[in-house]
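Please treat every number below as a calculation from the coordinates, not as lab data. None of these values were measured; they are calculated from a predicted model. Cβ placement follows ideal geometry from the backbone for every residue including glycine, while neighbour counts extend to all protein chains displayed.
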Amino acid sequence: MLPEIGKIIRQRRQQHGITIEQLAEQSNVSISLISRLERGKVDNIKLQSLTAIAETLNLKIADFFRDELLQSPNIVALLDYLSDLPAHQREELAGTLLKLLRLSKS
């Protein structure tokens, strides 16, 4: 699980164009922790540290525990966008997106 979390952190950090040092400073954790996380060399982490890293990267803790197929940066951003909408707007947008996808298959 933690190696996958490290991959998400690296992808999101690079997407934001920040260094390991900047991420560590902004999330108030050690540079070593970020580096080890990204390399999959951490066996455990405090929830407080993981939360701080997630917040710095505009992620939710849940983003680290989604199905592996749903963890790419674009998919996470889309799911976060949808989850922030009121239920009726989320349903309407999901229906519209599905219609567009069906049209592109034809």
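Each residue of the stretch 23-39 is assigned a 3J(HN,Hα), and the resulting list reads 4, 4, 5, 5, 9, 6, 10, 7, 4, 4, 4, 4, 4, 5, 4, 5, 8 Hz, derived from the Karplus form 6.51 cos²θ - 1.76 cosθ + 1.60 (θ = phi - 60°), x at Gly and Pro. Between the alpha-carbon centres of the stretch 78-106 and the stretch 1-61 there is a gap of 30 Å.
The P(r) of the stretch 6-63 has a tail past 17 Å containing 24 percent of all C-alpha pairs. Under the convention that each Lys and Arg Cβ holds +1 and each Asp and Glu Cβ holds -1, the size of the dipole of the chain around its Cα centre is about 300 debye. Looking at the stretch 19-63, the trypsin sites (Lys or Arg not before Pro) that sit in a DSSP loop and have at most 16 other Cβ atoms within 10 Å of their own Cβ are ARG39, LYS41, LYS46, LYS60.
Helical content of the chain, expressed as a calculated mean residue ellipticity at 222 nm, amounts to -21000 deg cm²/dmol (DSSP H runs of 4 or more residues, -39,500 (n - 2.57) each, divided by residue number, nearest 500). The alpha carbons of the chain stretch over 49, 27, 24 Å along the principal axes, in descending order.
Pairs of lysine residues in the chain that meet both criteria, 8 or more places apart or on different chains and Cα atoms under 30 Å apart, total 6. In order along the stretch 92-101, phi translates into HN-Hα couplings of 5, 5, 4, x, 5, 4, 5, 4, 4, 5 Hz, rounded to whole numbers, per the Karplus curve 6.51 cos²θ - 1.76 cosθ + 1.60 with θ = phi - 60° and x for Gly and Pro. Highest GNM mean-square fluctuation among GLU92, GLU25, GLU55, for the chain modelled with Cα contacts below 10 Å: GLU92.
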